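Student: Please see the structure below; I have some questions.
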Amino acid sequence: MTETVLRLEDITMQFQGVVAVDNVSLEVNKGEIVALIGPNGAGKTTAFNCITGIYEPTNGRITLNNEIIVENFPQGKMKNQYKGENQGKYTKSVVYSPDKITLRGIARTFQNIRLFKALTVFDNVMIAKHMRAKQNVFSAVFRLNSKEERRMREETMALLKEQNLDQYKDHIASSLPYGLQRRLEIARALATQPSLLLLDEPAAGMNPQESQELADFIRDIRQRYNLTILLIEHHMDLVMEISDRIYVLDFGKMISQGVPDEIKNDQKVIDAYLGVVEDAEYS
């Protein structure tokens, strides 16, 4: 039986008069690698921001493992300004903050790498470990958490070794080559012990060899950490190689969904996206 980890229902994100995400619904099932693709400005990262609590969608519902983590409906001035569909379908306002969503098992990376650039590789991962620290203010003040701190340091070092980053543990994050910074950002996300990992253009700026290494890496961490993965990516070779299913956005609307072979041969997708990308990086 298929187990749905993430479900978006009728998600609409409107900024004043601009509808950036327009009535988008999608599902990601346990263990899948699912890609969300489309031209620049299609609304992909906006959708990610709604999932992770950075944006409060104007309308719609998001569930994680059947628990509502986001739900909203047009309120205040937006009642009259709303241009989307399904007004009146949703009547609750449930919006978890990004840290609460992380604790429920969603981690993400960003299109523009967001490391603590002045800190070491070790400290970048260690900070993420504190998300699930078993300590409180009392134990911290009276230094009763030394065992917990030692556990987190050991787990951080183990994670760095698994990701072949242990040799760089004392390096300042910003001194790493671009590809290693990407890998460190993913390692930091893994440190929060997610069940669902969102990757926003992880292959951006990589050459073909680095992209292939990334594809192998993504498949490896899915297996090793029992992850479900949703990614945004423009490198179509990578997308077609690793994705179980693909959703396609254009101007905020879902225009297609299916397995890679179906997407490659969908004329709507070719016209909106693949036909443009093909000359540059897809064959």
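Student: If the requirement is being over 26 Å from M13 (Cα atoms), open to solvent by less than 70 Å² (accessible area, probe 1.4 Å) and among the hydrophobic types (A, V, I, L, M, F, W, C), which of these qualifies: I242, I263, I270, I246?
Tutor: Matching residue, one of I242, I263, I270, I246: I242.
Student: Filter the stretch 156-213 for residues that are within 23 Å of G38 (Cα to Cα), open to solvent by less than 40 Å² (accessible area, probe 1.4 Å) and not aliphatic (A, V, I, L, M) and give the result.
Tutor: R182, D200, E201, P202, S211
Student: Okay, moving on. Can you tell me which residue within the stretch 2-20, out of those that are β-branched (V, I, T), over 28 Å from N80 (Cα atoms) and in a strand (DSSP E or B), is least open to solvent (accessible area, probe 1.4 Å)?
Tutor: Among them, the one singled out is V5.
Yes/no per residue for (1) at pLDDT 95 or above; (2) under 19 Å from V24 (Cα atoms):
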position	(1), (2)
I186	no, no
P194	yes, no
A204	no, no
P208	no, no
K268	no, yes
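Student: Give just the number: which of (1) surrounded by fewer than 21 Cβ atoms within 10 Å (Cβ to Cβ); (2) under 16 Å from the mean Cα position of the chain (by Cα); (3) of a type in the set (V, I, T) does I37 not satisfy?
Tutor: (1)
The values are calculated or read from the model by the stated rules, or taken from the named source; none is laboratory data. Keep in mind that what you see is a predicted model, and the values were worked out from it rather than measured. When we count neighbours, we look across all protein chains shown, and the Cβ atoms used for this are built from the backbone with ideal geometry, even at glycine. Only protein heavy atoms, including side chains, enter the accessible area calculation; ligands, DNA and RNA are left aside. Shrake-Rupley method; radii C 1.70, N 1.55, O 1.52, S 1.80 Å.
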